[in-house]
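Asker: This structure is in structure tokens; I'll ask about it shortly.
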Amino acid sequence: MEQTPFPRDLVRLQVDWNRTYDALAAPCPVTYAAHRRRLLRLSALLWRHPFWSRPGGTAARADLRREARLLERQS
């Protein structure tokens, strides 16, 4: 895998967010409230990550989502 500009913890947060979102989107999730709370917490952590304070950082959000999906497929 090629080196990316994203810190590992940020990519891991996005992977966790993706998995929680997918679980929440499943029909009749048993733990809907827990998934919803987790998704909100992960969203806040992603939004406030120090990486986004860098110049040009916010433009890379779509790239982060793509990278996280690739990582999920590889594992």
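Asker: With each pseudo-label sitting 7 Å past Cα toward Cβ, what's the R37-A62 distance in nm, one decimal?
Answerer: Output for this residue pair reads 3.5 nm.
Asker: To continue, here is another question. Enter the accessible area of D9 (Å², nearest 10), with the probe set to 1.4 Å and all protein chains included.
Answerer: D9 exposes around 90 Å² with every protein chain in place.
Asker: For W47, W17, give the ranking by accessible area with the largest first, probe 1.4 Å.
Answerer: The ranking, largest first, comes out as W47, W17.
Asker: Let me ask you something else. Accessible area per residue for the chain in Å², computed with a 1.4 Å probe and the full protein assembly in place, what is it?
Answerer: 72 Å²
Asker: Select one label from (1) 13; (2) 44; (3) 30: the one whose number is percent of Cα pairs over 21 Å apart as derived from the coordinates shown.
Answerer: (3)
Asker: Could you work out what % of the accessible surface of the chain is carbon and sulfur, using a 1.4 angstrom probe and leaving DNA, RNA and ligands out of the count?
Answerer: For the chain, the apolar C and S fraction of the accessible surface comes to 57 percent.
Asker: Nearest 500 deg cm²/dmol is fine: what mean residue ellipticity at 222 nm does the chain get from its DSSP H runs of n ≥ 4 alone, each adding -39,500 (n - 2.57), divided by its residue count? Mind showing how you got there, number by number?
Answerer: Details: 3 runs with 49 residues, N = 75.
It comes out at -21500 deg cm²/dmol, rounded to the nearest 500.
Asker: Let me ask you something else. Just grab the label-to-label distance for Q74 and R48, each label 7 Å out from Cα along the Cβ direction, in nm (one decimal).
Answerer: 3.0 nm
Asker: Something else: Tell me, what is the percent relative contact order of the chain, built from C-alpha pairs under 8 Å that lie six or more residues apart?
Answerer: 45 percent
The values are calculated or read from the model by the stated rules, or taken from the named source; none is laboratory data. What you see is a predicted model, and the numbers here were worked out from it, not measured in a lab. Neighbour counts are summed over all protein chains in view; Cβ atoms, including those assigned to glycine, are modelled from backbone coordinates with ideal geometry. Accessible surface is based on the protein model in full, side chains and every heavy atom, while ligands, DNA and RNA are left aside. Shrake-Rupley method; radii C 1.70, N 1.55, O 1.52, S 1.80 Å.
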